[in-house]
1. Out of every Cα-Cα pair in segment 82-169, what percent are more than 21 Å apart?
2. Which listed residue (291, 102, 245) has the Cα farthest towards the positive end of the charge dipole for the chain, taking +1 on Lys and Arg C-beta and -1 on Asp and Glu C-beta about the Cα centre?
3. Hey, any idea what % of the chain's accessible area is carbon plus sulfur with a 1.4 Å probe?
4. Roughly how many debye, to the nearest 20, is the charge dipole of the chain about its Cα centre, given +1 on each Lys and Arg Cβ, -1 on each Asp and Glu Cβ, and no other charges?
5. Residue 40: accessible area at probe 1.4 Å, nearest 10 Å²?
6. Rg(Cα) of segment 1-159 divided by 2.2 N^0.38 Å?
7. Given the alpha-carbon gyration tensor of the chain, what are the semi-axes of its equivalent ellipsoid in whole angstrom, ordered largest first, with each equal to the square root of 5 times an eigenvalue?
8. When you have a sec, figure out the Kirkwood radius of segment 209-297 from all distinct Cα pair distances and drop it here in Å to one decimal?
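The values are calculated or read from the model by the stated rules, or taken from the named source; none is laboratory data. Not measured: the values here are computed from a predicted model. Cβ placement follows ideal geometry from the backbone for every residue including glycine, while neighbour counts extend to all protein chains displayed. Surface areas here come from the heavy atoms of the whole protein model, side chains and all, with no ligands, DNA or RNA. Shrake-Rupley method; radii C 1.70, N 1.55, O 1.52, S 1.80 Å.
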Amino acid sequence: MCNIETEQKKKVLSCIQPSGMLTLGNYLGALKNWVNMQDEFDCTFAVADLHAITVRQEPAALRSQIYSTYALLLALGIDPEKNTVFIQSHVPFHTQLSWLLSCNTQFGEMSRMTQFKDKSAKHPENVNVGLFSYPVLMAADILLYKPDFVPVGADQKQHLEIARDIAVRFNNKYGDVFTIPEPYIPKTGARVMSLQDPSKKMSKSDDNVNSWVAILDSKDDIIRKFKRAVTDSEACVRFSEEQAGISNLITIYSAVTGKTVAEIEREFEGKGYGEFKLAVGESVADTLAPIKASYEEIIKDKKALEQLYKEGADKACRQAYKTYNKAMKKVGFVL
Ligand code: AQP
């Protein structure tokens with residue numbers, strides 16, 4: 001029987017790289033919204049493992065991060081029955097479509113991507129071609145599933161824009177193949193900065209383990225990392241541009257407790273940073289504890305996990321194949 005409710009829902013696609021332990025930044029900036037979007041939208045969620053190797057990964061660590069990222073999505077409450085939840089490398093059409101799109105993308109466009117500039121500056125010993133062209137793979141990730149919306153943070157706007165440009169150009173040249181996705185700005189979503197350098201975003205691939213909090217960190221580690229967080233000299237809990245460190249902690253505390261900035265400033269009036277940092281650490285640990293508990297149950301059963309990601313790949317393949325086939329035909333390939 002056809003499910004009318006699902007058919008009427010708008011489609012959303014989101015991916016996450018297993019390039020390290022998922023962080024509090026990934027959770028508050030993206031994953032929390034993924035969980036909320038499942039009721040309103042027809043969602044496709046991917047573990048973007050192919051993207052992770054644009055920077056060097058140790059094979060055993062990569063394998064375990066892919067498993068753990070998939071399991072964590074389930075632990076957060078993402079339902080693999082209701083959504084399509086899969087591992088990118090299990091669907092070969094991503095790399096195949098990427099080639100078609102690469103031949104319709106200009107070198108100059110890619111050269112302007114800021115993430116390439118940032119990451120090549122960070123890893124000068126490994127400025128590989130994949131790092132240069134990965135926005136094309138990202139365009140393929142998106143366009144294969146014909147989403148109406150792609151949730152984007154400020155740092156990823158440029159990637160969606162290039163995916164849209166590539167799709168429009170392809171459609172104009174070969175006929176209607178791709179849906180042009182719109183950016184989706186979720187109602188809630190915090191930008192979390194590094195605990196050691198609040199001018200940079202919190203990143204799972206940051207070498208300084210004290211700069212990020214992993215969703216799976218122990219309570220003691222979380223509290224220790226917040227105690228060590230860089231703050232300012234003013235010694236008062238007040239949100240301001242000049243106090244980037246303390247403002248980051250206020251943003252985090254607000255996101256996990258639901259309190260407003262004004263309420264937080266009142267709560268900690270006349271109190272020192274030490275007390276505030278402890279409160280932030282404890283509330284973050286309490287928020288993440290049930291996710292960690294659920295993750296530990298899920299990761300124990302590798303067989304069940306394998307079955308779920310295989311079913312997810314089958315579902316994704318069925319959708320992706322149709323788009324890929326149409327694109328190949330339009331370009332002139334014999335199928
Ligand atoms: N610090 C952050 N604050 C808010 N949102 C964030 N996101 C990442 N960091 C923060 C959001 O998480 C989603 C998935 O991101 P990703 O893992 O695919 O890539 P990324 O943005 O490059 O994340 P990282 O942690 O910085 O990874 P690495 O270190 O490997 O580059 C995205 O929606 C992103 O906005």
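1. In whole percent, the share of Cα-Cα pairs in segment 82-169 beyond 21 Å is 33.
2. 102
3. In the chain, the share of accessible area belonging to carbon and sulfur is 52 percent.
4. About 980 debye.
5. 100 Å²
6. Taking the Cα Rg and dividing by 2.2 N^0.38 Å, one obtains 1.07.
7. Ellipsoid semi-axes (Å, largest first): 36, 22, 19.
8. Final number for the Kirkwood radius of segment 209-297 is 13.4 Å.
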